[in-house]
Amino acid sequence: MGSVQVCDLKQHVGQPVVLKGWLYNRRGSGKLLFLQFRDGSGIVQCVVSKADVPEAVFETAKRIGIETSLVIHGKASEDKRSSLGVEIHVTDLTVIGESKDYPIQITEDVPNIDKLLDQRHLWVRSRIPHAILRVRSEVVQAIRDFYYNKGFVLFDAPMFTPASCEGTSTLFEVPYFESTAYLSQSGQLYGEAGALAFGKVVVFGPTFRAEKSKTRRHLTEFWMVEPEVAFLELDGVMDLAEEQMRYVISRALERCKEELKVLERNTATLEQISKPFPRVSYDDIQQLLQKLKAEYAASPDAELQKLSKDILKGGLGDDLGAADETAIGMHFQQCVMVHRYPRHVKAFYMKKDPANDKRALCVDVIAPEGVGEIIGGSQREDSLDELLAQIEHHKVPMESINWFVDLRRYGSVPHGGFGMGVERCVQWITGAQHVRETIPFPRTIYRLNP
RNA sequence: UCCGCGGUAGCUCAAUGGUAGAGCAUUCGACUGUUAAUCGACAGGUUGCUGGUUCGAGUCCAGCCCGCGGAGCCA
């Protein structure tokens, strides 16, 4: 008899079944044991009654440690007392691999995340990581389906790159035979080459940032999806970003109901995704923030007063900070697109706004609930002369970027795209406290293990 | 790099400068319907490191190490 997965058990009610998996938890009494049994697809309660099994089987069931791997023979039966609606009445049980003194407890799903991350290789067996990582899996699949269905070509960018794409960020240096390579911090420049070759491409892979960021929103290694489209101008970039966000979030809401329930996620704000995203210019956002700063300062809420102090901290005309993004999210209670930032705070490859040469044709999508920037995109500078000027101004080494400039020498067209951080997206959907919970093995400044 | 917080049992945390404690987990025992089961018992410690003050330091002081949160930068 072949084995059955826990998630399929409802179709086997009244039948004898074989289950393969691990002991998740155990309760019980002298003559009746309740084994919480997991196989990766779900958790089911297996009842071992002393009267129904040989003495040796009962003794084994009583002694085995948490996370012992098992083969269970039993009968699936409907039971309203079980949260799954089904439980197993065990007839036989075989130990495959023993487990003694398992270092993680059921009740440790909540506390010190850093200690648990030391045990990440085991922690991923627990309920909370399970739910979050299943959402991640769905999000990644939704992203792939979205672009595939729209006719985008998957265009992989290299991880080893000759130099910085964006100048300011710190790159990881790695020895590369006789010279030095850098781990990619964005596939976008390569995506532009792809867009001019295929029209619509999407780069999807890991990226690396050596910044010493220590916040709940940062990883040194994270996954980014970066569509890039020829003949797409800023409004089109915003349309694409909005459509993609709506597809991904809706699909997670639709297909990850169980996971979001386990995570006790209130999805009210997520459901706002069906409404159009407000599109607000940087200049209008500055005015709004001034208003919110004054409003929050006068509020009786101490949290808001504190937030008020950090709004527009760099003064007017500066890049938006974390507090600004939090305030914007609180005000709109949905995703907001802020466009046309000052050029001096943005990357060299962004196109100058023809209506105001102090502004760039760029957009950030800011997610609510304190998540902040989740997408950054722009129309790209397609003029050879303007791009060369920007490269010089940002001191980007010409020898490593010359190929990119070629894209403006041989049939340049208006084009644009954006990058979305997969982990931040998953963080928003799941409500995870730290972005490092949204990837199986997070890499941060102080964490390279396990 | 800067600012703030922290490091005590496997985990979460207590402990006026005066014998280092609890809950959970582990181990053992009781219990035929438990949902983080419950109840009883045993066991569990170089209080991050180094030095200092003191009759006496988990506690006070200095330095260091490690981590966390935030800022900056970004997705």
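The values are calculated or read from the model by the stated rules, or taken from the named source; none is laboratory data. Just so it is clear, the model here is predicted, and its values are computed rather than measured. Cβ sites come from the backbone with ideal geometry, for glycine too, and all protein chains shown count toward neighbours. With ligands, DNA and RNA removed, areas are computed over all heavy atoms of the protein, side chains included. Shrake-Rupley method; radii C 1.70, N 1.55, O 1.52, S 1.80 Å.
Does A:LEU183 satisfy the criteria of being surrounded by fewer than 20 Cβ atoms within 10 Å (Cβ to Cβ) and in contact with a strand residue (DSSP E or B) (Cβ under 9 Å, 6 or more places away or on another chain)?
Answer is yes for this residue.
Can you pull out the residues in segment A:422-434 that are near RNA strand B (Cβ under 6 Å from one of its atoms) and either without any contact (Cβ under 8 Å) to a residue 12 or more places away in the chain or open to solvent by less than 10 Å² (accessible area, probe 1.4 Å) (or both)? Quick ask: steps written out before the conclusion?
Start the filter on segment A:422-434 by keeping residues that are near RNA strand B (Cβ under 6 Å from one of its atoms), which leaves A:423-424, A:434.
Result: A:GLU423, single match.
Within segment A:310-334, which residues are touching a residue at least 24 places away in the same chain (Cβ under 8 Å) and part of a helix (DSSP H, G or I)?
A:ALA322, A:ASP324, A:GLU325, A:THR326, A:ALA327, A:ILE328, A:GLY329, A:MET330, A:HIS331, A:PHE332, listed by residue number.
Check whether at least one residue in segment A:194-211 is under 23 Å from A:GLY372 (Cβ atoms), within 16 Å of RNA strand B (Cβ to nearest atom) and touching a Lys or Arg at 6+ places or on another chain (Cβ under 8 Å), and report yes or no.
yes
Quick check on segment A:69-87: of everything there that is near RNA strand B (Cβ under 10 Å from one of its atoms) and not small (Gly, Ala, Ser), which residue is farthest from A:GLN15 (Cα to Cα)? I'd like the intermediate steps shown before the answer.
Filtering segment A:69-87 for residues near RNA strand B (Cβ under 10 Å from one of its atoms) gives A:77, A:79-84, A:87.
Within this subset, residues satisfying the condition of being not small (Gly, Ala, Ser) are A:79-81, A:84, A:87.
Details: A:ASP79: 14, A:LYS80: 17, A:ARG81: 19, A:LEU84: 16, A:GLU87: 12 Å.
If we take residues in segment A:69-87 being near RNA strand B (Cβ under 10 Å from one of its atoms) and not small (Gly, Ala, Ser), then A:ARG81 is farthest from A:GLN15 (Cα to Cα).
Residue check: is A:GLY370 at pLDDT 90 or above and under 21 Å from A:ARG246 (Cβ atoms)?
No: the conditions fail for A:GLY370.
Take segment A:186-209 and flag every residue that is over 15 Å from A:LEU407 (Cα atoms), in a loop (DSSP other than H, G, I, E, B) and open to solvent by 10 Å² or more (accessible area, probe 1.4 Å).
Passing the criteria: only A:ARG209.
Looking at segment A:22-49 only, could you name the residues that are more than 16 Å from RNA strand B (Cβ to nearest atom) and at negative phi?
Correct list: A:ASP39, A:SER41.
Check segment A:355-363 and report whether any residue there is within 10 Å of RNA strand B (Cβ to nearest atom) and over 21 Å from A:ARG217 (Cα atoms). I'd like the intermediate steps shown before the answer.
Filtering segment A:355-363 down to residues within 10 Å of RNA strand B (Cβ to nearest atom) leaves A:362.
So of that shortlist, the ones also over 21 Å from A:ARG217 (Cα atoms) come out as A:362.
Checked segment A:355-363: at least one residue is within 10 Å of RNA strand B (Cβ to nearest atom) and over 21 Å from A:ARG217 (Cα atoms).
Of the residues A:GLU386, A:GLU325, A:GLU381, which single one is open to solvent by less than 40 Å² (accessible area, probe 1.4 Å) and away from RNA strand B (no atom under 12 Å from the Cβ)?
That would be A:GLU381, the only listed residue that is open to solvent by less than 40 Å² (accessible area, probe 1.4 Å) and away from RNA strand B (no atom under 12 Å from the Cβ).
This table checks each residue for (1) assigned to a helix (DSSP H, G or I); (2) surrounded by 15 or more Cβ atoms within 10 Å (Cβ to Cβ).
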residue: A:GLU264; (1), (2): no, no
residue: A:THR267; (1), (2): no, yes
residue: A:GLN287; (1), (2): yes, no
residue: A:LYS293; (1), (2): yes, yes
residue: A:SER299; (1), (2): no, no
residue: A:SER308; (1), (2): yes, yes
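On the basis of being open to solvent by 50 Å² or more (accessible area, probe 1.4 Å) and of a type in the set (Val, Ile, Thr), does A:ILE43 make the cut?
Working: open to solvent by 50 Å² or more (accessible area, probe 1.4 Å): yes; of a type in the set (Val, Ile, Thr): yes.
Judged against the criteria, A:ILE43 is a match.
Please work out which one of (1) within 16 Å of RNA strand B (Cβ to nearest atom); (2) in contact with a Leu (Cβ under 9 Å, 6 or more places away or on another chain); (3) open to solvent by less than 30 Å² (accessible area, probe 1.4 Å) is the condition A:ARG408 fails and give its number.
(1)
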